[in-house]
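The values are calculated or read from the model by the stated rules, or taken from the named source; none is laboratory data. Everything quoted here is computed from the prediction, not taken from an experiment. Positions of Cβ are generated from backbone atoms using ideal geometry, with glycine treated the same way; all protein chains shown enter the neighbour counts.
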Amino acid sequence: MIRLFFIVCVFILVSGCTEEVPDNAVTLDVNFEWTKESYCSNFSPPITVTNIPEETKYLRVSMVDLNLFRMDHGGCEVPYTGTNTIGEGAILPFLGPCPEGPHSFYEITVQALSADKKLILGHGKAVRRYPAEN
């Protein structure tokens with residue numbers, strides 16, 4: 001029983017680990033707005049990212065629910081093609097906002113990566129409420 005408790009504790013600690021962003025990483029400007037397709041779907045919203053370093057080859061994107069213990073809503077790495085927009089539906093796997101109560105806050109994080117995906121060149125995030133306030 002103690003061994004099981006220890007394993008569960010280690011799993012919780014490790015699952016909360018995040019990759020460290022280098023001090024010299026550029027701050028990315030990230031913006032997104034919910035669409036009518038967003039609710040509980042697997043269709044990610046369009047995401048605009050600016051201030052992307054020239055050396056960037058991939059963008060790593062993830063979303064978490066800030067009201068539900070930072071629940072993972074998915075993400076992936078997409079090739080950076082020189083455009084500032086990650087198209088609607090481009091993030092797979094993805095689970096759109098599905099708040100348990102009247103609303104929830106969601107955070108999308110974007111990292112600019114080198115060709116080998118080992119170096120974080122830039123990092124940014126944006127938070128939005130769902131449903132959006134009128």
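Data table
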| quantity | calculated |
| --- | --- |
| Candidate set from segment 100-118 (those that are more than 16 Å from the chain's Cα centre (by Cα) and surrounded by 13 or more Cβ atoms within 10 Å (Cβ to Cβ)); member that is nearest to GLU33 (Cα to Cα) | HIS103 |
| Members of segment 58-72 that are within 21 Å of LYS117 (Cβ to Cβ), buried (at least 16 other Cβ atoms within 10 Å of the Cβ) and of a type outside the set (Val, Ile, Thr) | TYR58, LEU59, ARG60, SER62, MET63 |
| Pairs with Cβ under 6 Å, 6+ apart, first in segment 104-120 and under 17 Å from MET63 (Cβ atoms) and at pLDDT below 95, second of a type outside the set (D, E, K, R) and assigned to a loop (DSSP other than H, G, I, E, B) | SER104/ASN67; PHE105/LEU66; PHE105/ASN67; TYR106/PRO97 |
| Given (1) modelled with pLDDT under 90; (2) under 11 Å from PRO97 (Cα atoms), number of the condition SER44 does not satisfy | (1) |
| Residue list for segment 73-94, filter: surrounded by fewer than 17 Cβ atoms within 10 Å (Cβ to Cβ) and either under 16 Å from PRO46 (Cβ atoms) or under 12 Å from the mean Cα position of the chain (by Cα) (or both) | GLY74, CYS76, GLU77, THR81, THR83, ASN84, THR85, GLY87, GLU88, GLY89, LEU92, PRO93 |
| Verdict on VAL127 being exposed (fewer than 15 other Cβ atoms within 10 Å of the Cβ) and under 11 Å from the mean Cα position of the chain (by Cα) | yes |
| Scope segment 25-53; condition surrounded by 14 or more Cβ atoms within 10 Å (Cβ to Cβ) and outside any loop (DSSP other than H, G, I, E, B); matching residues | VAL26, ASP29, VAL30, ASN31, PHE32, ILE47, THR48, VAL49 |
